[in-house]
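Accompanying notes for the structure given below.
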Amino acid sequence: MPDSSRIDVRKTYKLFIGGAFPRSESGRTYVAEDAKGRFVANAALASRKDARDAVGAARKAFAGWSARTPYNRGQVVYRIAEMLEGRRAQFVDEVSQSEGATARKADSLVAASIDRLVWYAGWADKVAQVVGSSNPVAGPYFDFSLPEPTGVVAVVAPPDSSLLGLVSVVAPAIVTGNTVVVLAAEGRPLPAITLTEVLATSDLPGGVVNVLTGRVAEVTPWLASHMDVNAIDLAGIDDAELARDLEVAAADNLKRVLRPRAETWTRTPDLSRMLWALETKTVWHPIGV
Amino acid sequence: MGVSGETYTDGVTSVLPTTAGVDEATRSESSLRRFLHGLPGVDQVGAEARAASLATRSIKTTAKSWAIDLAISMIDLTTLEGQDTPGKVRALCAKAKAPDPADPTCPQVAAICVYPDMVPIAKQALGSSGIRVASVATAFPSGRAALDIKLADTADAVAAGADEIDMVIDRGAFLSGRYQAVFDEIVAIKEAAARPEGADKGSAHLKVILETGELVTYDNVRRASWLAMLAGADFIKTSTGKIQPAATLPVTLVMLEAVRDFRDTTGRQVGVKPAGGIRTSKDAIRNLVLVNETAGDDWLDPDWFRIGASSLLNDLLMQRTKISTGRYSGPDYFTLD
């Protein structure tokens, strides 16, 4: 039972861009509510310029992150899982508060999120073995194909599953060497915001994951049309018309687009979320005689 | 030294040297020192506060488009590296002529700034485009060489076809108070920058680099500005780009005040060129605001204000593309240089 003489510490959270926690450039905030519509906290209301800054930070981080060994990226993602485990109780509270889930249900969602990170961490140095190949060719060449990260990936996080859904779309993108700009679930931003505190204290370099909180309809068109974004995951778009418009905008620079689809986040995923943001590079290497 | 007070539209009262004071200044070494040390001191806190407050001006929509195009047309596109090659200089010249190949309405830059040995290549690549070739000279960037070597360096660049000479002052002499030596050197370089008989356009434009990062105080920046202008500089330039800090806003503010006061006193207009550290469109637009509010719109012209930069151009082009297409652009769509 909280001490009634104590005043609530009301929080105003910020964005997570380039490893730092800036306020929205616009200075705006909005109220995040719990499942019953009560005040939880103030979250930053990101503008198009915050989206631009986040893409810039992601682009800057891409060269270093994609050049790391897959093994090292796996270790870093595993480290995120460790840090999440350490703050498990806080996440259980926030997931239960945002999604209106029972403590037991929330606990299983947080556990699944941690397991999901560990699962993807394990794939970091294996994905190239599975989808890469050495190709038989009709000539004196050693010919092989390797998956490479596509670049900056914009992600619209699922609105229903505020933590597990978020982890399930972000982890597969970064583990293969992409950098990410993610727009957190509009109505339930709190677990995403707390996750940024986890990311900031893991070994993840600044800018690899950038988290915006704000309105889907306001921010996503700017991400979809941004010429420096290489792929966009529309997982969190539940409005078919908006999804179509975003896909049209994304076509300008031939972004890879992952259309929204029905997902059960609790189910063990397949490889598709890792593979869609990879490009295959084939090298012909002359063999000496 | 005689002074007269005058109040400007920005509310700053400036104490100007008189015409008689200026004439007297160049008569002897001691009168030059007396003149320079008699210049009013710069209020450091005031200058920084004024530059910071002007930097908060918000320039949007059509004014922003205009400012971006003006900034592009004021750029001295620069490459001053030991690893420069003829190929790199030619590529830079191509970019100077058509900064955005996808958009013919994009203005040309003002000039290409290179080392003297690259002048003939730049001259040939630019042809009749009207873009000037500026060459650094006088043992750039340190300025530590004997006078005859500096003169030969300058004459060499002019003979190769340079339209503008960017010289560095001897900071060692300036900081130890040998103002006359600095003055005489600038005068000598100005003479060396004269074209041979019969050539067009008279002498090459002389830009004097003060290297404000080594001058330490704003008072020194003001003195060096006046010294260079008295000696006949056509432009005063902040920095070589090789020393940090380079072109900060307060330094540019002090120099703009100096050229404004110099024109009020002598009637001769001198240009200003901040160089080094201006990398974003926002920085460039802040500089233009500073020009307009300090020296006035007579200086808002590529003939009187230049920006020495290399990476700035891409940022301006990205902003330009954002305005014309309505979506954010990326560095992938512009040349690496």
*Do we have residue B:106 as in a loop (DSSP other than H, G, I, E, B), touching a Leu at 6+ places or on another chain (Cβ under 8 Å) and either on the phi > 0 side of the Ramachandran plot or surrounded by 15 or more Cβ atoms within 10 Å (Cβ to Cβ) (or both) here?*
yes
_Among the numbered criteria (1) free of Cβ contacts under 8 Å to residues at least 60 places away in the same chain; (2) within 14 Å of chain B (Cβ to nearest Cβ), which one does residue A:270 miss?_
(2)
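This table checks each residue for (1) among the basic types (Lys, Arg); (2) within 9 Å of another protein chain (Cβ to nearest Cβ); (3) under 20 Å from residue A:51 (Cβ atoms); (4) under 14 Å from the mean Cα position of the chain (by Cα).
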residue	(1), (2), (3), (4)
B:300	no, no, no, yes
B:305	no, no, no, yes
B:308	no, no, no, yes
B:315	no, no, yes, no
B:321	no, yes, yes, no
B:324	no, no, yes, no
B:332	no, yes, yes, no
B:335	no, no, no, no
*Among the residues of the range A:235-263 satisfying the criterion of being touching a strand residue (DSSP E or B) at 6+ places or on another chain (Cβ under 8 Å) and of a type in the set (Lys, Arg), which is farthest from the other protein chains (Cβ to nearest Cβ)?*
A:256
*Say whether the condition of being assigned to a loop (DSSP other than H, G, I, E, B), touching a Lys or Arg at 6+ places or on another chain (Cβ under 8 Å) and either farther than 22 Å from residue B:107 by Cβ or within 14 Å of another protein chain (Cβ to nearest Cβ) (or both) is met by at least one residue in the range B:250-269.*
yes
*Being more than 15 Å from residue A:273 (Cβ to Cβ), part of a loop (DSSP other than H, G, I, E, B) and in contact with a strand residue (DSSP E or B) (Cβ under 6 Å, 6 or more places away or on another chain), is that true of even one residue in the range A:101-110?*
no
_With the structure loaded, tell me whether residue B:274 is of a type outside the set (Ser, Thr, Tyr) and within 13 Å of chain A (Cβ to nearest Cβ) or whether it fails that test._
no
*When the range A:21-55 is examined, which residues are found to be without any contact (Cβ under 8 Å) to a residue 40 or more places away in the chain and within 11 Å of another protein chain (Cβ to nearest Cβ)?*
A:49, A:53
_Within the range B:291-337, tally of residues that are in a helix (DSSP H, G or I), touching a residue at least 12 places away in the same chain (Cβ under 8 Å) and not acidic (Asp, Glu)_ = 16
_Could you check the range B:61-97 and list, in sequence order, the residues that are surrounded by 15 or more Cβ atoms within 10 Å (Cβ to Cβ) and either outside any helix (DSSP H, G or I) or on the phi > 0 side of the Ramachandran plot (or both)?_
B:74, B:75, B:76, B:77, B:78, B:79, B:80, B:84
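Of the residues B:193, B:224, B:228, B:204, only one is of a type in the set (A, V, I, L, M), more than 20 Å from residue B:288 (Cα to Cα), surrounded by 23 or more Cβ atoms within 10 Å (Cβ to Cβ) and free of Cβ contacts under 8 Å to residues at least 40 places away in the same chain; which? Lay out the reasoning, then the answer.
On the way: B:224 fails: free of Cβ contacts under 8 Å to residues at least 40 places away in the same chain; B:228 fails: free of Cβ contacts under 8 Å to residues at least 40 places away in the same chain; B:204 fails: free of Cβ contacts under 8 Å to residues at least 40 places away in the same chain.
Unique residue meeting the criteria: B:193.
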*Looking only at residues in the range B:178-198 that are assigned to a loop (DSSP other than H, G, I, E, B), out of contact with any helix residue (DSSP H, G or I) (no Cβ under 7 Å at 6 or more places or on another chain) and not charged (D, E, K, R), which one is farthest from residue B:151 (Cα to Cα)?*
B:198
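Coordinate-derived values only; no laboratory data. Everything numeric in this text was worked out from a predicted model, so none of it was measured. Methodologically, a virtual Cβ is constructed for each residue, glycine included, from the backbone with ideal geometry; neighbour enumeration extends over all protein chains shown.
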